[in-house]
1. Out of all the residues in the range 329-342, is one or more of a type outside the set (G, A, S), modelled with pLDDT under 95 and either within 19 Å of the chain's Cα centre (by Cα) or in a loop (DSSP other than H, G, I, E, B) (or both)?
2. Any residue at all in the range 168-178 that's free of Cβ contacts under 8 Å to residues at least 60 places away in the same chain and within 30 Å of I406 (Cβ to Cβ)?
3. For the range 105-121: of the residues being in contact with a Gly (Cβ under 9 Å, 6 or more places away or on another chain) and in a loop (DSSP other than H, G, I, E, B), which is surrounded by the fewest Cβ atoms within 10 Å (Cβ to Cβ)?
4. So in the range 383-407, with the set limited to residues that are modelled with pLDDT of 95 or more and part of a loop (DSSP other than H, G, I, E, B), which one is surrounded by the fewest Cβ atoms within 10 Å (Cβ to Cβ)?
5. If a residue counts only when it is more than 21 Å from the chain's Cα centre (by Cα) and over 30 Å from P92 (Cα atoms), which strands (runs of 3 or more DSSP E) contained entirely in the range 216-280 have at least 2 such residues?
6. Among the residues of the range 315-339, write down those that are surrounded by 21 or more Cβ atoms within 10 Å (Cβ to Cβ) and more than 20 Å from I406 (Cβ to Cβ).
7. Say whether the condition of being touching a residue at least 40 places away in the same chain (Cβ under 8 Å), in contact with a Cys (Cβ under 6 Å, 6 or more places away or on another chain) and either assigned to a strand (DSSP E or B) or surrounded by 21 or more Cβ atoms within 10 Å (Cβ to Cβ) (or both) is met by at least one residue in the range 347-370.
8. Considering every residue within the range 441-448, establish whether at least one is at pLDDT 95 or above and either in contact with a His (Cβ under 9 Å, 6 or more places away or on another chain) or under 25 Å from N572 (Cα atoms) (or both).
Amino acid sequence: MFKKILIANRGEIACRIIKTAKKMKIKTVAVFSDADRYAEHVRLADEAVYLGPSPASESYLKPDLIIKACKENKCDALHPGYGFLSENSSFPESLNKAGITFIGPSKSAIASMGDKIESKKIAKSANVNTVPGHIGIIKNKNEAIKIADEIGYPVMIKASAGGGGKGMRIAFSNKQVEDSFERASSEALKSFGDKRIFIEKFITKPRHIEIQILADNFGNVIYLGERECSIQRRNQKVIEEAPSPFLDEQTRKKMGDQAVQLSRRVGYSSAGTVEFIVDKDKNFYFLEMNTRLQVEHPVTELITGIDLVEQMIKIAYGKKLEINQNDVRLNGSAIETRIYAENPYKNFLPSIGRLTKYNPPKEKQHSDGTITRNDTGVREGDEVSMFYDPMIAKLCSWGKTRKLSINRMESALDNFLLEGIDHNISFLSAILANKRFKSGDINTAFIEEEFKEGFQGIIPNKNFEWTLGSLVLAHHICEISKNFDIFEHDQISDEWEVYLHYNQSTHNPSKLKYMINKDNLNLPFVCIKPMPNQITKRLNDEFFTIEVHQDFIKKLATFKINAQGSSIKAENIQCRVYNKITNIEFEYRGITMSANVFPKHVAYYHKYMKPIKNIDKSNLLICPMPGKLIKILVKENQIIEEGQSLCVVEAMKMENTLVAPKQCTIKKINNKEGDTLSVDQVIMEFSFK
């Protein structure tokens, strides 16, 4: 077996590979840039080599530097992880010439499958179902428009190289093809060094389902079931699961057999993934083949018990597969949620900064048999930079049934403490709580359909709102009791008002009135009763008890509701609680709210307080994310129409076009192309007639 391998990657995938290498007693060498000098993968590896400056183009994407590091550290082999050089077809050959084994497929397999145009031709020849489209390179936007007209709208404009949602655009008209062709081409060139574009028919609202395969160098190929990857945003996967709640055994076998056929046709060896789109009638069409380890590989590992990284290393070493198709058993259900540094309330803009708090749920098997797994590459104090993908962690759950797996994931997200940057945990929780998701009724348009106006947090129904208000009050009573040396009941008001403000929402604050039973206060038990009004007439006019338990490290409060004789539901609820100077902030499964709690006599005066006025910034183009200003599309004193493109900001390897909010004149441009921008920096100033 290999004695030492170099991992040509960073972040969570580098840490994941190190974990298996340690299990196999193989020494590891990490590589790092300036931004990653103190990163977790550097700490975990046996050795580490500095590559260069922070931009990937000057460090992780430099094959010569990485091969030099392999030689100087006497590495037998190299694992590319995913992204970066993992699908660079010339890289394995360069390694082989240097006497270093590439842990992955051959140059020819990467080249043929990495080229989306060539891969479709090969798939067709292997009798694999393919999507209708133009299988050829498109030279310019005029040709793109002509071909799109011939195929029929909508169409998908795609980069021939790469993947991960980059260099991809959906177009519904000639104008959109014209705009999208240039953006997709530019993005593809920057991400993959290849600006070639092709166009195919866009199948509306399909499922995205992929087949995991394993192949050795002796002609043995097997498939390890499928992964459902339909929960996507901008063609980027958000939540994955295995197996799919949609497939039957017959369709699974057909898809698996076609994936194996394609793998054999290209002489594939190592782990790989064949991606399909599947319509509502279970017709499936080849999308692409990823010739590397997938981001979402953990869900396959959880349902099969097979370590895919270990299999890749063994295959690269020249071993035969020890598993045949009959050995593969799909056990239970696994889910992966991708935790990103991004703000879901601001159109998922990337976030950078230091992780001032990072306390994920513990990886373990729980008493109910469910499992929590967290693949991550960060620790508390690390910095999320603008140079790389904003993924923080891949949180996974497993259960005997899909329902148990969802329940475990919801609890795990509740227990994930992350501060210092914006993150998407509340958004992930909202998806998991969605009835359609729970039923398995999903497709690639799920997020657009369920969050039509973007994500603004969940607004609870009125009954649950009363429950939330009572939790806020119980928490507040327990908090103020700490201010007394001896808890005096007569110092506590018996009537209270709670105002709930749903963050990022235009929803008017809810005003709720409660009474507490001071004669039965035995902290952490608080007896509460909703005060009668139009809504609470439906609730039993009786007190119910809330037991409050606080985890100060994770800023979690667990509320045990004993609601016998009340219409309030008896349950345990775990919320994230932040005590602020003027309010209390609560987070619970996609619900984000701030609350003001007042005793009755204070609430009387609260209504006379003037609201804080917001500063008008409508005449400013403000940078919504940290990034680089790569293109300015207008000039000073130019008259601009509503929706017209103003500039392009590159952040986290994606190009973002900022547009005019309404008709205006460009009064002043404060930056030039190439400038680095911080969040909320003013790029341009407008004047309105």
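The values are calculated or read from the model by the stated rules, or taken from the named source; none is laboratory data. Every value quoted in this text rests on a predicted model; they were computed, and no experiment measured them. Virtual Cβ from ideal backbone geometry, glycine too; neighbours counted across all protein chains shown.
1. Within the range 329-342 (the criterion being of a type outside the set (G, A, S), modelled with pLDDT under 95 and either within 19 Å of the chain's Cα centre (by Cα) or in a loop (DSSP other than H, G, I, E, B) (or both)), the answer is yes, since at least one residue qualifies.
2. yes
3. Residue satisfying both the conditions and the ranking: S106.
4. T401
5. Result: empty, no element qualifies.
6. Result: I315, A316.
7. no
8. yes
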